[in-house]
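Below you'll find the structure, written out as structure tokens, and then a few comments.
Since every read-out is calculated from the coordinates, none of them should be taken as a lab result. Bear in mind the structure is a predicted one, so any value in this text is a computation, not a measurement. Here Cβ is always computed from backbone atoms with ideal geometry, including for glycine, and neighbour counts include all displayed protein chains.
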Amino acid sequence: MAPTLRHLVLVGLMGSGKSTVARRLSQRLHHRMVDLDAVVEAQAGCTIAELFARRGEAAFRDMESQVLAAQLASPEPSVIATGGGAVVREGNRHALAEAPDVRVVWLDARPEDLVRRVGGSAATRPLLADDPRGVLERLDRERRPLYGEVADHRIDTAGRSLDEVVEAVDTWWRMQCRSGGEEEAS
Ligand code: S3P
């Protein structure tokens, strides 16, 4: 029998609009919105920048993986905004791919657009501390195949407003729900 879909997960690089799009979608769908970065910060009792500085990126990735697994296991339907690096660990990619009632949408954005949006946010995004453009271009190259591996659907955000992106994800998700998740992924 076709599964009932439970979680809609957004992946993509820093600044691709995951949190904003997830918040708006959760309002439209009447689902809970979960921002994995915010959950990690609440559990750690400090900001992500402080966590990186005090305990290093690996400790952050451990927490991020635990929080992702816990949210995927939650029975409550939700729209989940991941951090841009949530796809780096193979276990996370596996968890996203394995869950039958979870769909993953990749908000694909060009590094030059991302630099404009988040180039100055080094205080909250530690990976962007030096050379934001160079970092975003490198992460784009490294992670593009990983986002592609987990995504059931890719949305090219170039030239689209956030409202248009929300609309596109909403339309695709509703189509998935109607078909029990068996529409061909694109
Ligand atoms: C990261 C992205 C950030 C945050 C952390 C690491 C990454 O989340 O999880 O700074 O590795 O790309 P956003 O994508 O929400 O900025």
The strands (runs of 3 or more DSSP E) lying entirely within region 12-108 that contain at least 1 residues which are within 9 Å of the ligand (Cβ to nearest atom) and either surrounded by fewer than 14 Cβ atoms within 10 Å (Cβ to Cβ) or free of Cβ contacts under 8 Å to residues at least 12 places away in the same chain (or both) are none
Quick check: is even one residue across region 119-128 of a type in the set (A, V, I, L, M) and outside any helix (DSSP H, G or I)? yes
Return the residues of region 123-144 that are within 13 Å of the ligand (Cβ to nearest atom) and at positive phi; say none if nothing qualifies. none
From the set of residues in region 134-178 that are surrounded by 15 or more Cβ atoms within 10 Å (Cβ to Cβ) and part of a loop (DSSP other than H, G, I, E, B), which is nearest to the chain's Cα centre (by Cα)? A151
